[in-house]
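What follows is a single structure, written as structure tokens, with notes after it.
The values are calculated or read from the model by the stated rules, or taken from the named source; none is laboratory data. Note that the coordinates shown come from a computational prediction; the quantities given were computed from them, not determined experimentally. Every residue, glycine as well, gets a Cβ built from its backbone with ideal geometry; the counts of neighbours run over all protein chains shown. When the accessible area is computed, the model is the full protein with side chains, heavy atoms only, and any ligands, DNA or RNA have been set aside. Shrake-Rupley method; radii C 1.70, N 1.55, O 1.52, S 1.80 Å.
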Amino acid sequence: MLYNNTMPKRRKWFSLLAAGAVAFLLPGCGRQAKSGPTEIVYWTGWSGFELELQHKMVDEFNRTHPNIHVRILSVFNATGDNQKVHIAMAGGDTPDVCSAVWTNELAGYAMRGALSPLDDFLKASGRRPDEFVPGAWDMLQYHGHTWGLVGTLTANFIVYNKDSFEQKGLRPPTNLAEWEAVNTALTERTPGGSYKAYGMRPSSLMDWAYVFGGHWYEPKTGKVTATDPGNVRALKFLQDFAKKNDIRRMEVFESTFGSNQTPSGPFFTGKQSMQATGPWIEQFIERYAPKNFRYGWFPYPAPPDGRPLCTTLNSSCFVIPAASKHKKEAWTFLNWFLSPKQNEQFCLGIDNGSPLKAVAASPALQKDPLLKYSALIAGGKNAFGPPQMPIWPTYLAEIQRAEDKATHSGGDPYTLLLAVQKKVEKALRDAQREAVY
């Protein structure tokens, strides 16, 4: 979210409202009831069964907190682009509490003064950083303040079809070389070269760079590190794979895939034997996979000089907007929702891991093998959340463009990433000129 730098800091951010945003504002934000409990408005980005569970929890809160009434509204967007939230934050007509902000957006909102820092609330409520998994806590920090909290925390790893592996006498790989051999063994093509089935196609340079030992940003120095050697090696790996395996034929094959939120998902139909995912896949397997579907999991395979048990973290984030008219009551609700008891209820209900150490280690979550595994690597030293830089979404887009160029058009990986670095450095300087924090 990088805006043109031709207006004063404050006016530029809030002027977005003048460009037609007024018609988009949702009713009832921040209203004070004339009598009875104080009403706070809560926007959530969840939908479906996850939203149903939140409604039940909000009802419980309202029953047990007679002086506060939470009104929940879903602003779910299937694309993940929370445009309503962007406009509300820009115009200052926000809910009192919101969980429709991604952690990779957090620093951008904080920099522009759109959020309330939570430090005083956390201290007054006795909440401590060591309650949280380190990777979860780190991604909530920006310029010495805590700007939000996450209710869930999931690691990324690879699930595999046990039957497909056993039919070919394969075992889960433990390193990158073994993964490449397994992936080749699982690939089936027609005499003309078209794909019939494969293991998986590695993608997402951002994730693989961490596996290869790279990193993208140094928060202490503010240095953009797109050309880190690990990042370059990861891009070379993706480029070599694309060339060797004919990425365009792969993409034609992938155009036949259904969604894994349906029975026609490639992982369920045998077209794909491995998939990068997280513990939420369990919900889809229970709903859509064939009866007696057998699956297992393993971490991203690392090269010899890479990071074992490496994962990236992300989550939607609970925040209290700066424009909230009832910050104290909003914190009361947020603190309750993220207390160990309620957090365990929510995480179990949607098959997600917890950012709270005590909940992640609780018998209820540990008895689920997939959540137990997710907690293991999410709590490890090689778990990385979004670096808290205010233009991380812009940076991510540039990383993806470099990956697309490398895998489809060729080009030297270092040169491509050097171009990313220069562009992001300029964008960061521009963004910092309008910073409130």
Point to revise | Dipole-positive endmost among 418, 382, 400 within region 356-437 (Cβ charges, Cα centre) | key: 382
Exercise for review: Using just the alpha carbons, could you tell me how many Å³ per residue the convex hull of the chain encloses?
Suggested key: 154
Study note, to complete from the structure: Counting only DSSP beta bridges fully inside the chain, the antiparallel percentage to nearest 5 is 65
**Study point:** Computed FRET value (nearest 0.05) for residue 52 with residue 269, which takes r as the C-beta separation and R₀ as 30 Å
**Key:** 0.55
Check your understanding: What FRET efficiency comes out for the pair residue 63/residue 124, r = Cβ-Cβ distance, R0 = 25 Å, nearest 0.05?
Key -> 0.55
Check your understanding: Size of the dipole of the chain about the Cα centre, Lys and Arg at +1 and Asp and Glu at -1 on the beta carbon, nothing else charged, in debye to 20?
Key -> 560
Practice item. Please report how far the C-alpha centroid of region 383-437 lies from that of region 124-169, rounded to the nearest whole angstrom. Key: 23
Exercise for review: Give the Rg/Rh ratio for region 300-367, taking Rg as the radius of gyration of the Cα atoms and Rh as the Kirkwood radius, to two decimals.
Suggested key: 1.13
Exercise for review: On the protein heavy atoms, probe 1.4 angstrom, tell me the percent of accessible surface of the chain carried by carbon and sulfur.
Suggested key: 54
Practice item. Taking just the C-alpha trace of region 137-277, give me its Rg and Dmax in Å. Key: 18.3, 60
**Study point:** Built amide H within the under 5 Å cut-off of residue 300, gap 5+
**Key:** 158, 310
Exercise for review: Using a 1.4 angstrom probe on the protein heavy atoms only, line up 436, 211 by accessible area, largest first.
Suggested key: 436, 211
Practice item. Only Lys, Arg, Asp and Glu count, each charged at its Cβ (+1, +1, -1, -1), so figure out the dipole size of region 105-198 about its Cα centre, rounded to 20 debye. Key: 200
Check your understanding: What residues from region 194-227 fall in the zone where the backbone N is under 16 Å from a label point 7 Å along the Cα-to-C-beta line of residue 408?
Key -> 203-205
Study note, to complete from the structure: Result for the chain: accessible area per residue, probe 1.4 angstrom, in square angstrom, of 44
Exercise for review: Please give the FRET efficiency for residue 73 paired with residue 215, using the beta carbon to beta carbon distance and R0 = 41 Å, rounded to the nearest 0.05.
Suggested key: 0.60
Check your understanding: Does a label point 7 Å from the Cα of residue 364, set along Cα-to-beta-carbon, have any residues of region 329-351 with amide nitrogen under 16 Å, and which are they?
Key -> 336-351
